[in-house]
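This report refers to the structure that appears directly beneath it.
The values are calculated or read from the model by the stated rules, or taken from the named source; none is laboratory data. Since this is a predicted model, take the numbers as computed values, not measurements. Cβ: placed from backbone, ideal geometry, glycine included. Neighbour counts: every protein chain shown. Ligands, DNA and RNA are excluded from the accessible area calculation, which covers all protein heavy atoms including side chains. Shrake-Rupley method; radii C 1.70, N 1.55, O 1.52, S 1.80 Å.
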Amino acid sequence: ARGSLWIKHMPDMSDYTITNYYVPVFEAFKKAGFKYLKIDGLRHILFEGLNIAYEPKEAQRRLRNFALAARVALGDDVYLLGCWGMLTEIAGTFDACRISLDSLERWFSAHKQMFHFAEFFSSQRIVYLNDPDHIVMHADPEWSRMRVSTISLGGGLLTYGDRNEDMNDELVYML
């Protein structure tokens, strides 16, 4: 399948590819004891890859089959996070969906995070648990307090991107 310049090698996401290449990888993660798996780039796979190579309905079918295969192979006891964007093709298969930009320490990123939280609030805890992306806590405690408050008030998934040794008692208390 041909893809955009961003995706150099787009898998065809055929039933054969999913069954023979992806499912064994998911089963290996499960067998290794992983309890949380984030599959990144789904939006790019659909819009910059599959939609270029196939008609839209076929592209959606292939992404949906991938999502279903991931859920079946991993089972319900592995938490599955889709990244990024509200994709109806993965509804009912993933536990959470990252809905916003990377959580960088700048106002543009925080504003987009709040905007996307409001935009997708109707899906919150119905279709997915909305994940506005991680927070880097140790850089600026006041900035972190604002971000933690925003995510908590919206009921979103709250994860941090710091090394545990960079966390102090104040930051742990905030979380």
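Whether a residue is modelled with pLDDT under 85, closer than 20 Å to GLY161 by Cα and either assigned to a loop (DSSP other than H, G, I, E, B) or of a type outside the set (Asp, Glu) (or both) was assessed, and PHE117 passes this test.
Criterion applied to GLU55, GLU89 was being of a type in the set (D, E, K, R) and either modelled with pLDDT under 90 or in contact with a Ser or Thr (Cβ under 8 Å, 6 or more places away or on another chain) (or both), and the one residue passing it is GLU89. Counting the residues of the range 17-47 that are acidic (Asp, Glu) and either more than 17 Å from the chain's Cα centre (by Cα) or open to solvent by less than 30 Å² (accessible area, probe 1.4 Å) (or both) gives 1. Residues of the range 73-101 that are of a type in the set (A, V, I, L, M) and free of Cβ contacts under 8 Å to residues at least 12 places away in the same chain: none at all. Pairing residues of the range 147-175 that are at negative phi and in a helix (DSSP H, G or I) with residues that are surrounded by 11 or more Cβ atoms within 10 Å (Cβ to Cβ) and among the charged types (D, E, K, R), at Cβ distances under 7 Å and at least 6 apart in sequence or on separate chains, gives MET174/ARG145.
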